[in-house]
Structure formats: C-alpha cells, structure tokens
Amino acid sequence: MPTGQTGARARGRAPVPPTQPRAGAELPTQQALELLRHGDLMVEGRLVDASNTTLRAFLTLAGVTVRCVYKPVRGERPLWDFPDGTLAGREVAAYLVSAATGWDLVPPTVLRDGPYGPGACQIWVDEPEDVAPLVGVVAEEDLPTDWLPIAEVGEREGSTYVLAHADDAGLARLALFDAVVNNADRKGGHVLHTGGGHLHGVDHGVCFHADEKLRTVLWGFVGRPLPAEARAVLSAVHHDLDGPLGANLAAVLTRPEVDATVARVTRLLSTGVFPEPPQHWPAVPWPPL
C-alpha cells in the first residue's frame, strides 16, 4: 500500500475502486476540486497514526478515481486552545492561503459532506519510499554541508544528534507560509516530497490562532531577508485579504483570526525577514518528525 500524507498507512479492508486510482496531485487544480466537491466518496480505511479521525478514501467522478483524505468534524478531539470553529475549517483555510500564494504548497482541500458527516476532504499525496528526506535528526558529524541545524536533541554513543533541515527553496516557502498561517504544529512528517522536486505541507488543523503560536522544525531560515519573489507574493496576499481571500477565510475562521492573519502578513512585509522563534512557548513541536 503506498505511503504518503504524513507517512501513515490505512487500516481496514480496502474496497476495490470503480477504476484505477490516479495520482490526484497530478490533476489540474480545477479537476481536483471538482472531484473533491462532487465525487462519490468511498472510505478505504483509517490512518492509525492520526490523533483525530482521519480516513483515506476514494473519490470518483466522470470515470476518474483518486485517493483523498477525509477528516470528519465529528471525529475531532476538542482542543482547549482552539475552542472556536473546527479543525476541518482550518485545513480548508490553509488551502485557501496556499492557493492565494500560487505556490501550490497545500493539496486541494474542501469542506464537504461524507459518510460520517461534514469534514475536510483533501487530495492524497503519495511520497515515494526512496525519496531523500529534507528534515531529519542526524549525528552532528554527519550533517550535510547544505543542511541547517535547528537544535540538539540528544547524545548517543559519543555523538551529538541535531534536528536539521535542508537549505531548500521549497522549504523556505513553506516556512514563510507557516508564519502567515501561524502553524502550531509543523513536524517533519508533515512535509511531503513528491519526488519531482515539489513539496506539499499537510495537517493544518491547528493554524490561524489569533495569538502567536508558531511551532515548526523549519527555523533554519531565521533572520534571512525575504526573497523579492516572496515579498511580491506577500503583497498580493495582503491585498487579497482585503477582498475575496478575506471573505472566504471569514467563512471558516473567526473574525479575530482573519484580522490576525492580516497583521502577520503586514509584519512580515514590514520586517522583510524570516521571523525569530518565540521566547515564551516551545518553538519546536514534539515529536519533531
């Protein structure tokens, strides 16, 4: 069974799809969204490593079948620090911001009804098993020269091990995206490398809090100037937040959360650099991978 979407595997007897599933990430965005919104949804199994109910399923429409991730709202565990709205709504909000950047960082995601009620439905992304990871824990002496160390995580057999990630343009975009959406849980396992050089980030249920909660493994770019292309993208997003993007976010987030998103983009444009880690809460999620 193929892996992907945080490396989890589905548990359950897999039904036979009506047609051979296609790689959803390879479909044109509009076709993927049509499948997500209107396709027949058939649950394949549950991803057992997920903390909330996360189901892998088939979507079929007009003879095309793809895999997806379906996260029903009724399967969400209440979180004391995210009492408003739903995690599913935040997944959709993350996709809306990703789409506004044009960077294609979050797989197409919609809110729709399913066998277990309304929930977030996202195109499944396969990650080849032989792809080289871009985030990991490595012995300090084995750290690749083009990787950026984040933090020491322990010692073993005389070696110091560090959490680190590649100095990669795609990761830099993802780090900036996380700063915009205030991602409180960017683990290494939430970064999927499709093998063709493109990256996707998944699991955005704890983003967009009105208070600063950025926790990530992608701190290697701290203090670097934002590339000119990134500044142009942020300027466009800032403008869009006062228009269609802001209105669409308001449908799935609270007004203070939308306002805080505007404030974060404004601050990034003002400082012109990748943000610093917080000082008053853990800056790295645990476990980090």
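The values are calculated or read from the model by the stated rules, or taken from the named source; none is laboratory data. Bear in mind that the values here come from a model prediction, so they are computed numbers and not experimental data. Side chains included, ligands, DNA and RNA excluded: accessible areas come from the protein's heavy atoms. Shrake-Rupley method; radii C 1.70, N 1.55, O 1.52, S 1.80 Å.
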Query raised in the report: How high is the relative contact order of region 159-268, in percent, with contacts defined as C-alpha pairs under 8 Å that are six or more residues apart?
Result: 30 percent
Query - Asp40 - accessible surface, heavy atoms, 1.4 Å probe, Å² rounded to 10 - result: 110 Å²
Query - By accessible area with a 1.4 Å probe, ligands and nucleic acids excluded, highest first: order of Arg255, Arg215 - result: Arg255, Arg215
Requested in this report: Provide the percentage of antiparallel DSSP beta bridges, counting only those with both residues in the chain; round to the nearest 5.
Outcome: 95 percent
Query raised in the report: When the accessible area of region 106-197 is split by element with a 1.4 Å probe, what percent falls to carbon and sulfur?
Result: 46 percent
Query - Relative contact order %, the chain, counting alpha carbon pairs below 8 Å whose residues are six or more apart - result: 18 percent
Query raised in the report: What is the projected area of the convex hull of the Cα atoms of region 86-141, averaged over all directions, in nm²?
Result: 6.5 nm²
Report task. Give me the accessible area per residue for the chain, probe 1.4 Å, as a whole number in Å². Result -> 47 Å²
Report task. Could you please state how large a percent of the accessible area of region 199-289 is carbon and sulfur, counting protein chains only and using a 1.4 Å probe? Result -> 60 percent
Report task. Between the alpha-carbon centers of region 31-91 and region 250-273, tell me the distance in whole angstrom. Result -> 26 Å
Report task. Provide Leu111, Leu96 ordered by accessible surface of protein heavy atoms (probe 1.4 Å), highest first. Result -> Leu111, Leu96
Query raised in the report: If you average 1/r over every pair of different alpha-carbon atoms in the chain and take one over that average, what Kirkwood value in Å do you get?
Result: 19.6 Å
**Report entry** GNM flexibility winner over the chain from Asp168, Asp259, Asp142 (Cα, springs under 10 Å)
**Finding:** Asp142
Requested in this report: Using θ = phi - 60° and the Karplus relation 6.51 cos²θ - 1.76 cosθ + 1.60, list the HN-Hα couplings for region 124-133 in order, rounded to whole Hz, with x at every Gly or Pro.
Outcome: 6, 10, 7, 10, x, 5, 9, 6, 6, x
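Rounded, prolate or oblate: pick one for region 183-227, where a ≥ b ≥ c are the square roots of the eigenvalues of its C-alpha gyration tensor, a/c under 1.5 means rounded, and failing that, prolate if a/b is larger than b/c, else oblate.
Here region 183-227 falls in the oblate category.
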Query raised in the report: P(r) of region 111-237 in 10 Å steps, Cα pairs, percent per bin?
Result: 11, 34, 36, 15, 4, 0
Report task. Equivalent ellipsoid semi-axes for region 34-160, as square roots of 5 times the alpha carbon gyration tensor eigenvalues: give them largest first, rounded to whole Å. Result -> 34, 19, 16
Query - Tensor-based shape of region 242-289 (alpha-carbon gyration tensor, a/c under 1.5 rounded, otherwise prolate or oblate) - result: oblate
